1. Scan the range 852-865 and give yes if some residue there is surrounded by fewer than 17 Cβ atoms within 10 Å (Cβ to Cβ), within 30 Å of the chain's Cα centre (by Cα) and in a loop (DSSP other than H, G, I, E, B), otherwise no.
2. Looking at the range 106-128 only, could you name the residues that are assigned to a helix (DSSP H, G or I) and either buried (at least 22 other Cβ atoms within 10 Å of the Cβ) or among the aromatic types (Phe, Trp, Tyr) (or both)?
3. Taking into account only those residues within the range 417-473 that are in a helix (DSSP H, G or I) and hydroxyl-bearing (Ser, Thr, Tyr), which is surrounded by the fewest Cβ atoms within 10 Å (Cβ to Cβ)?
4. Which one of the conditions (1) surrounded by fewer than 18 Cβ atoms within 10 Å (Cβ to Cβ); (2) β-branched (Val, Ile, Thr); (3) under 28 Å from the mean Cα position of the chain (by Cα) does Thr903 fail to meet, given that it meets all the rest?
5. Just checking, does the range 893-903 include any residue being among the hydroxyl-bearing types (Ser, Thr, Tyr), closer than 30 Å to Lys623 by Cβ and in contact with a strand residue (DSSP E or B) (Cβ under 9 Å, 6 or more places away or on another chain)?
6. Could you grab me the full set of residues in the range 655-681 that are β-branched (Val, Ile, Thr) and crowded, with 18+ Cβ neighbours inside 10 Å?
7. For the range 654-691, which residues satisfy the criterion of being in contact with an Asp or Glu (Cβ under 9 Å, 6 or more places away or on another chain) and aromatic (Phe, Trp, Tyr)?
8. Note down all Cβ pairs under 6 Å where the first residue falls in the range 552-568 and is in the same structural domain as Ser579 (by TED's automatic domain parsing) and among the charged types (D, E, K, R), the second is at pLDDT 95 or above and not in a loop (DSSP other than H, G, I, E, B), and they're at least six residues apart or on different chains.
Amino acid sequence: MQIYKLGKLLINSSISNSIKTTIYLYSTVSIARKTDSKMAATAGAVLKRYDNIVKSEEDKRSYRGLELSNHMKVLLVSDPTTDKSAAAMDVGVGFFCDPKELPGLAHFCEHMLFLGTKKYPNENDYNKFLSEHGGSSNAATYSDHTMYHFDIVPEKLSDALDRFSQFFIAPLFTENMTGREISAVNSEHEKNIPSDIWRIDQLDKHLSNPEHPYNSFGTGNTYTLQTVPKEKNINVREELLKFHKKWYSSNIMCLAVLGKESLDELEDMVVQLFSSIEDKNVEVPINKEHPYTEDQFKTVLYISPVKDVRNLNIVFPSADLTHEYKSAPTHYISHLLGHEGPGSVLSLLKARGWSSSLIAGDKPCPRGFGFFHVAVDLSEEGMNHIDDIVKIIFQYLNMLKKEGPQKWIQDENRDIYKMVFRFKDKETPRSYISGIVHYLKDYPMEHVLCANYVLDEWRPELIEEMWNKFVPQKMRMSVIAKKYEDELDQVEPWYKTKYAKKPIPEETIKFWEEAGLCPELKLPEKNEFIPTDFKLYTLDEDVTEFPAIVEDTALMRVWFKQDDQFLLPKANLFFDFVSPLAYLDPLNCNLTHMFVQLFKDALNEYSYAADLAGLKWELVNTKYGLILGIGGYSNKQHILLQKIMDKLTNFKIDPRRFHMVKDNYIRNLKNFNAEQPYQHAVYYLTVLLTELSWTKQELLAATELITIDRLEAFIPQVLSKMHIECMVHGNANKEKALELVHIVEDTLTSSLSMSPLLPRQLLLNRELKLEDGCHYSYQVENSVHKSSCIEMYYQCGLQSKEDNIKLELFAQIIQEPCFNILRTKEQLGYIVFSGIRRSNGVQGLRIIVQSDRHPNYLDTRIEEFLESMLAYITEMSEEEFLRHREALARHRLEKPKQLATLTNRFWSEITSQQYHFDRANVEVAYLKTLTKNDIIKFYKDVLEHNAASRKKLSVQVISTAEGGAGSQKEKEKEDTPECHPEKNGPRTPDVISDVTVFKSSHEMYPLVQPYINITRKGNRCKL
């Protein structure tokens, strides 16, 4: 695939501030328009206004750009219909400007800005204010900039901006919090150590020019921010103050604000709060010299990964061409080199059995220089043909050079991007604003919205200039595989990645230089999937508010909802193919997965053009069968759907692809061991509580039985005995919806001998019911990560209107103090989460902490926190309680911003067989009747330590890695407070030693019954 020009994500180089629960709300606000006198008062604070910002034809929001007198750039977005306001600040300094003796200082500064300012000194004032008013926040540090963002209910935007602006005016950097927050930075680093993405990225930096700022360690840890400063007598707090004072200057800041207010009102708000930020007239150095020196070229790195992955990475140095966004030469090359259709590099590599995926394009990079990279995953056979794969890539480049730049390809991409920009989905305010703010410094103000969607200039000479530099003499290569582990003699210092750097033999360089052409490689065909008709269907006379059944037979049930809200030429189709064979045993589960992966692999060449044209599809295997989803522009969905169904019913297995897909599947099952401990905790809790759940170990053991013969026999079996539940939502009328679903029905019934299922074969899994007063613990070991983890789950029973809302309101109230106490104050770990777990109609409260402390200790800290919440809520003022209640109400009533969001909400009700499409309005009406005493009673009934009906189950993931918490048991026993039975419950829980015995000794909850009166699926009826 190509790395798309639009929506590029900066994932490798970002350093997230923290994991925080995001809560979205909506509200209305009425503020009088600014008077002429106010305009006059702010006129001197604004150097320039931009009212000519190019926006999409479908975009109803109003925009204004500003340059304040302190040279801060500002984008204002007025959206009177928004139910959430948001703001983001991008500061044009990152870890490239860390002092040499303090790596990680910029990242540490980002952390500390959340913990108090002179005007708002309480360390949790900012987060508490946001939490009480339906808001959330986060931040990230990059190499050359740092970004902060938040959202809030609209009427509190001004108050939130006031607190936010103080980050950049007068932070406290309090001494005791400075020392404490270093632990959070260190925990964040420890979390990333086993991540191959972070390891390889840091190795690339480590091997670059030592004099270049790219050669840096941007995260920081205890060693760089505490140990070394103490040894060198450096006061870290003083260095933080210096760093902030030097670099946090308004002239390198960009602010974006979205609110309900008019542009004039937003301007007044911003001018009052942000024009006082000091302009220090700083100039951040832009390093146009590339960090790769000559000794980096014509070299190959052999790298040992944590996970069992096999990858080939090729990197060419390139220039920073951000300013050439109108012609985008990099995009032209990545579009072709990363293409997946017939004649592409990937098509040839797959045909030879050497690879399954290829990514090509610009690597996210700081200003001044660039990297163009090609990443290829390798099969076992592909490991033996690395030089041949590189040759094919150069053969493709030679073909491009021979053909020359093709204007029709640029025009085709231009038309696609114009279409995407015109019909761009609305995003949540926070993601929209945080995505835009960085562009204020990259592009002219009038083009900040459209810069990633315009291809108005044709500059073939730039394309040729760029690809002419992609030659073997200017290439750097790395091969990542477990097989090299014992052959590597060097270690990167921060992540301890084992590697070896070797020169590429001159005869190999010559082999690539003389690659010539390959007749199997060619330019892609013209894209026939680009929509040509954007008309909207006339609304049916009987258009419904929610999905309605328009056909119901023994084989198929069809739900339809015509879009009358978003009014875009898009639709979403879902097909749930339910088969009891799909998850009958671990082997069948494996066979279903193999079928899905091979099918997607086989159809990829055909469907890639559709994907480029904004027509997406996905096929996934579930516990109940298969789910097919198609979304995007409705014009040509029927063509793609017909092709999918034809392929599905006539599918033939390619033996070479079978073995590659099987190998990938087995490695993915094994690689689960290297996932984060909190992911293990979540997974094992599901295994314990779900009626039927095959474990990774059971699936892995059954992979030995996967054969081509078995799969060939299985596919027609699983397809011929099923029930299909469908939903069509979007730009279609009832007639069109039935036409689409009949493509599926007709293709299946004409090709296979279909046999419908009985209603009882369509029942869902149930959830295990814990007994009153229980406390269970399940322990598993993790040998990869130093961190351990605990997930504490307090089961609260079946979902109902009343209990849903009581649990949600309790979770809303404790979310901020949970993070503040366990993460900020006690520094138990970087990952601290509290929220609700819902599965199979049963719900409960869960608290997750990933930490270098032993889970036994974490258990006591979480219990003490939960116990303290009774006094916290009891002493809470009525006004604060009502703020939380209103915050939850607005979150629940927040309108979906995209068609897909609403589709997924409807589809969730359908697949859960609850069909409560108006759930939000019904439950919020009940929410507004709740009092503080109701929540206190709920807590005392099911969550208090001595409550008769309390049900507790904890999953403990214990690290056995070197330095992990599992090796500190004796120390932790000393640190762990006594657990008094009368206070914290039994000192020792009932340890689950056998999952099967545990599950067999418990009953199951009944399934939640449908909210509406509906005939069970599978009954022979037709509307």
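The values are calculated or read from the model by the stated rules, or taken from the named source; none is laboratory data. Predicted model, so just to flag it, every value in this text is computed and none were measured. Virtual Cβ from ideal backbone geometry, glycine too; neighbours counted across all protein chains shown.
1. The answer is no; no qualifying residue exists.
2. Ala106, His107, Phe108, Cys109, Glu110, His111, Met112, Tyr126, Asn127 - these are the residues of the range 106-128 that are assigned to a helix (DSSP H, G or I) and either buried (at least 22 other Cβ atoms within 10 Å of the Cβ) or among the aromatic types (Phe, Trp, Tyr) (or both).
3. Ser431
4. Failing condition for Thr903: (1).
5. The answer is yes; a qualifying residue exists.
6. Val661
7. Tyr678, Tyr683, Tyr684
8. The qualifying pairs are Arg557/Glu725; Lys561/His729; Asp563/Gly730.
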